[in-house]
1. Could you point to the residue in Ala31, Ile55, Val44 farthest towards the positive end of the range 5-64's charge dipole, with +1 and -1 charges on the Cβ of Lys/Arg and Asp/Glu respectively?
2. Just grab the label-to-label distance for Ile13 and Val35, each label 7 Å out from Cα along the Cβ direction, in nm (one decimal).
3. Show me, for the range 52-59, the HN-Hα J-couplings you get by feeding each phi into the Karplus relation (A = 6.51, B = -1.76, C = 1.60, θ = phi - 60°), rounded to Hz, glycine and proline as x.
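All of the numbers you see were taken from the coordinates with simple rules; none came from a lab. Computed from a predicted structure; not experimentally measured. Neighbour counts are summed over all protein chains in view; Cβ atoms, including those assigned to glycine, are modelled from backbone coordinates with ideal geometry.
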Amino acid sequence: MKEGYEEKFANLIQFLDAHKGKDEPDFLVVAHPAVLGDDYEELVESLGRIAEAGIALRIAGRTA
């Protein structure tokens, strides 16, 4: 994992920690996949953390 990931994505990590282990279904909506990472390594790290938290991911569609 790249240095600085935790600082750069602190809000995502905080959200996932707050919702980890909840019984109710939960999901995360992002406006664009780029908010999960600037490169492949960051994106994979974010997706892995989201999966470990048991949270569904939804990506908003493109607008005209």
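1. Ala31
2. According to this spin-label approximation, the distance is 1.9 nm.
3. 4, 7, x, 10, 6, 10, 10, 10
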